[in-house]
Each structure stands twice: as C-alpha cells, then as structure tokens.
Amino acid sequence: MQSNPYSFCASRFALIAILQLALSGCISPWFRPNDDPATRREAIREKLESDERPRIISQIGTERMLTLARLENVGLVTQLPGTGGVVNASQPREKMLDIMRRRDADQPNTFLDSDATAMVVAYAIVPPAAAKGRILDVNVKMSSHAEATDLQRGWLLDTSLVEMRNESGQVREGFEYAVAKGPLVTRAQIYGGDSPDDKLEGIVVGGAQLLKTRELGIGIQSDFADAITMAAILPAINNRFTIFDGRKQVGIATPQDDNDITVAVPARYRLDPFHFINVVLNVGFNELEPQRMERIEQLKLQLNDPVTVRTASWQLEAIGEEAIPILANNLTHPDPEVRFYTAHALAYLGDPRAIAPLVELCRREPAFRAMCLNALTIIESYEAGDALEQLLHAADTETRYGALRALRQRDASDPRATGLPVSDVGTILEVPTAGPPLVAISLHERPEIAIFGPVPQLHLPLFSYVNPRIIIQPNGDRVTISNFETGKEDRVTEVAGDLRSVLVGIAEVGGNYGDWVSFLRVCHEKGYLSEPLAINPIPTAGRTYHREPKRQVEPGEEMYEQTLINELESPSTASKSSWYNPFSW
C-alpha cells in the first residue's frame, strides 16, 4: 500500500498550526487541561489589583434583559355585527377549542364558527424592567386561519398572554404573564383607511395588566466571573442604591451566580430603566481615593464636551450627592446637549435647580422631551409640579399632552389630570389652558379624550352616522343620538351640542371607545370640529439628537433607536407607527 505524501504534509501543517495557537493563547479552553480554579481566581485577583485594574462596572459588565418581551396567544373577538366567520382546520383552531372546553364553553365549534366571532392573535409588548401591575396595550390581528371581514365593535374575550419560545424548532409556551380583554379600536377607525387589513387589526387600549415584574440585570465578563469580583462590585452598587422591601432599606443588587447580578429598579427610575442601568454600570468600584478624585477631575472636563457629556453625567450621578455642585455648574452651558444631560442627572439626584433647563429643553428639543418630562415627574418639589402645569399651556401638542400624563405620574389623584369616567367606555378630561385649543385622543395605556381649553361646539350636518347603527341628528342647540340594532330595543338620548355631551350620549346608547375615536376623526376631517385634533400625541423616548460627530451608542440603545427608524426615515408613516410604540412615554 503506497503512502500519500500530501496526507503527511497536511498532518504536519495542522500540528504546527495547533502549536502556534497554543503559544499565542488563541485556543479554546478545552485545550488547557491544567486550568485550575485556584489559578484562575488568582489571575482575576491580580487583574483587580493591577495598576490597569477596572474601576467602573461597565469596564467588565454589561446590561442584561434590557430588551422587549412579546407576550401572545390566540384569542376570540365576539359581539361582531355579522362580520366574523369560520375558522379553518388547523393547529391554532384545535388550540382555541381546547381553551374553550377547559372553560366549559357551550357548543364550542358552533360558537367558534359564528359570524359574530373571529379568532385572532393577541399580543402585548412589555418594556424592560416593567413592574407587576403595569398596564399594557394589547395589539390584535386576525388569525391567518380565520375568515372575517371586520373587527370593528368587537370585544376581546379573556386571553391568557404567555411567552413563546422556539426550542429545537418547536414553539413552546411559557408562563402566563398577563390576561388581555376589552373593546377593540381598529386601525380603520383610527386612520380611516379603506384597506381590508386595517379592518382586521386593532388595539385594546390598556387591555392587560402585567402579573409579574420583569427582571433587569448585569452580566459580568467571563474573564472576571468570580466571587471575588462580586465581592468588589456588589457593595459599590448597594451602598449607592437601595429600595424599601416592606421592612427596611436594602441594596438593589442580588447575585445569581458568578457572572449574573439581578438589580431591582428604585421607584425614582421606574419610568426610564435605560437611564437607570447605565447609571449603575457607571458606578465606580475598586479604586483608591486618589484615583477617584483624579477621575472626578477628568469628569469635570468631559462634562463640557457634547461627545462625552452623557457618560460623564452618568458617572457623576452614580457618585451621588458629592457630584451635585459639579453638575449644577453646567446648567447654563451654551450647548443644549450638555445642558440636558447635566440637568437630567441633577433631577435624579433630587436637585430642583434642574427644573428650569428641563422645562426649556422640553419646549425646544423633541429628542429630549420625553426624558425631560420623566425628570420633572420625579423631582419632589412643588416647583416641578408647577412647571408641568405651565407646560399644559405650551403651543406644542406633544408637550401639552405629555405634561398632562406627567402630572398623573406624579400623583394619580391630581385634579389637573383626572377626568370624568363615562361608564366603561373611557374618560373625558377638560384641561383649562391659556394655550391654543386642542382635542387629544389617547391610544396608550388608558382610553381617554383630553380637551384643552373650552369644550368645543360641534357643527354637525342634519344627519350623520357614528357607525352603521348609531345615528346623530341635530335639533336646534340639542342633538338626538339613536341606536337602532336588529333584535334589540331602540336606544335614544338627547344631549347638548358640545363635544363632551355628544361623546357621553354616544356611550349612553351603547357606543364604545372605538366609536369615540372614529367619530372624532370624521368630525375633524369634515370640519364638524374646528379645533385641532391629535391622535396619541405622546413624547417618544429614543429619538436621535442630530449633531456631528455621531455620538457613541451605549448598551441597550440600539433597541430604542431601532423602534424609531421608520419614523425617522419616513415621516409620513410616523403617526401610524407611534400608536403602538412600546417606548411611548
């Protein structure tokens, strides 16, 4: 048998390559049989004690779970006026029938194929670190296995929302994290589109409540994953940030293993987990006092540069009260970006001197608006509440409605931000304002209509429809609203001709929130309502502040910027994308 000379050469070259990798250290750990745990720990100790040792957590750690979570399931929409349809044979149909049987539904097959019923997919997007009890909007779209023509006037029955995982090519269901239910508002009702798809997609505004808090955490690089690293990091975090556990103040950081730390979010940071985790990652540790003072002097310089101000502000905020005078010195800086990040950090440190620049930037800079409102919400000072009230008079629509929501975040019982609940349809708020009149429709977290300024008078034609069954007929300064539905008793009411009264009347005869939304849209389009109308004018986090050079993207920020890429690149679609944006403030 003749040997192959090429085989010998190939083996020789392979052996040389392995030896070169071993000598250079570029070889997988399983080629190092003598990787002793004690030796590894000693190596980590040496790194933590060296002159080039890490002194900021972000140098060896990164954010964990700063992501969106999608909860979903199949569900049933009922009460449709003959626009539902059959569900074709499929796995989702069998799943829906199984759910119905477990709930002791009567004649499930007949009910599922009724023209008053449609099978849908319901899903909610859960933001990072969302707390138990968080209100979620529920998106609904027609199942590809169902036949229906319109979801308008539909009601989503109780639907268990769960995490779906793909394991080895199979979809697995996780635990129940929320239960969705409520009346639908279709895209056609919101935007007036004629597309069949717009009639088969919608939202249940505030239709679910989170049953479990989402975790937020820090992952430690494998080269430093060890108990001695944890012993250095955990005290630094827990000495700076604490929460009340029902009995006493405790640290926020809890180790899960050598490379995983769970952090609880203090109430002050609940509206902005992105900001919070980046402040925690910029906590200093493992440094001597002279080194800490040297770092602070460097931060003073970095605080004046738009390129470095954000990270510098995070580090100073992480230091705590000692950094307040340093930050306060930059509140009058000529660069808006420098003013914002210093004022933002000061707000989270509880300093009311941040209020004036935050108000100014909220009015002028859309990229900072949502975060400015967050900051004004958490400053425990009556001046912050007064500043938000002043923003109710701003000319900008987002600023005004954002200020209203911020007042409610500060105090849910604030009379300036509470309104008149109308049966189970929604809430009508009347907001006194010196600014221009405005009517705002909410499509995020709570169904409400906010009227800024005097309640408008409607200029209705002699005959108009709210939907195919609800008719409005003016009669002098009064309006008659009638609901004629086959098989049911006619419902009729007479109200005044102003907007608030007509909305209440629509609810009295059986209208829902979707009817309010579509009625207001039509009134605006046809000139029946002379005041401006805004659909979901909520300030959005993650907008890019345009400057050159482009600033560095920080951990987790790619997620925020990606949610807005369509809005930035295609302004014509911004209003349609923002109504379900999970990062809306």
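The values are calculated or read from the model by the stated rules, or taken from the named source; none is laboratory data. If you're wondering where the values come from, they're calculated on a predicted model, not measured in any experiment. Quick reminder, even Gly has a Cβ in these numbers, built from the backbone with ideal geometry, and neighbours come from all protein chains shown. Each accessible area value is taken on the protein alone, full model and side chains, heavy atoms only, with ligands, DNA and RNA left out. Shrake-Rupley method; radii C 1.70, N 1.55, O 1.52, S 1.80 Å.
Data table
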item: Qualifying residue in the range 263-277 (condition: more than 22 Å from residue 541 (Cβ to Cβ), modelled with pLDDT of 95 or more and not hydroxyl-bearing (Ser, Thr, Tyr)); result: no
item: The range 400-452 - residue that is outside any strand (DSSP E or B), surrounded by fewer than 19 Cβ atoms within 10 Å (Cβ to Cβ) and of a type in the set (A, V, I, L, M) and, of those, modelled with the lowest pLDDT; result: 412
item: Residue 197 being part of a helix (DSSP H, G or I), open to solvent by 20 Å² or more (accessible area, probe 1.4 Å) and of a type outside the set (A, V, I, L, M); result: yes
item: Given (1) farther than 17 Å from residue 131 by Cβ; (2) open to solvent by 20 Å² or more (accessible area, probe 1.4 Å); (3) out of contact with any helix residue (DSSP H, G or I) (no Cβ under 9 Å at 6 or more places or on another chain), number of the condition residue 284 does not satisfy; result: (3)
item: Candidate set: the range 433-466, residues that are free of Cβ contacts under 8 Å to residues at least 24 places away in the same chain and farther than 15 Å from residue 516 by Cβ; chosen: the one farthest from the chain's Cα centre (by Cα); result: 462
item: Unmet requirement for residue 455, which otherwise passes all of (1) more than 20 Å from residue 539 (Cβ to Cβ); (2) in contact with a helix residue (DSSP H, G or I) (Cβ under 7 Å, 6 or more places away or on another chain); (3) part of a strand (DSSP E or B); result: (3)
item: Single unsatisfied condition, residue 328 versus (1) over 19 Å from residue 434 (Cβ atoms); (2) aliphatic (A, V, I, L, M); (3) within 27 Å of the chain's Cα centre (by Cα); result: (3)
item: Which numbered condition residue 209 fails, given (1) crowded, with 16+ Cβ neighbours inside 10 Å; (2) modelled with pLDDT of 95 or more; (3) closer than 26 Å to residue 134 by Cα; result: (1)
item: Number of the exception - residue 415 against (1) farther than 20 Å from residue 271 by Cα; (2) touching a residue at least 12 places away in the same chain (Cβ under 8 Å); result: (2)
item: Strands (runs of 3 or more DSSP E) within the range 478-541 that include 1 or more residues charged (D, E, K, R); result: 478-483, 491-496
item: Selection within the range 148-187 - buried (at least 22 other Cβ atoms within 10 Å of the Cβ), aliphatic (A, V, I, L, M) and either without any contact (Cβ under 8 Å) to a residue 60 or more places away in the chain or closer than 19 Å to residue 96 by Cβ (or both); result: 148, 151, 156, 161, 178, 180, 184
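Results for (1) basic (Lys, Arg); (2) out of contact with any Leu (no Cβ under 9 Å at 6 or more places or on another chain); (3) outside any helix (DSSP H, G or I); (4) at pLDDT below 95, shown as yes or no for each residue.
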residue	(1), (2), (3), (4)
45	yes, yes, no, yes
51	no, yes, yes, yes
58	no, no, no, no
66	no, no, yes, yes
75	no, no, yes, no
81	no, yes, yes, yes
92	no, yes, no, yes
95	yes, yes, no, yes
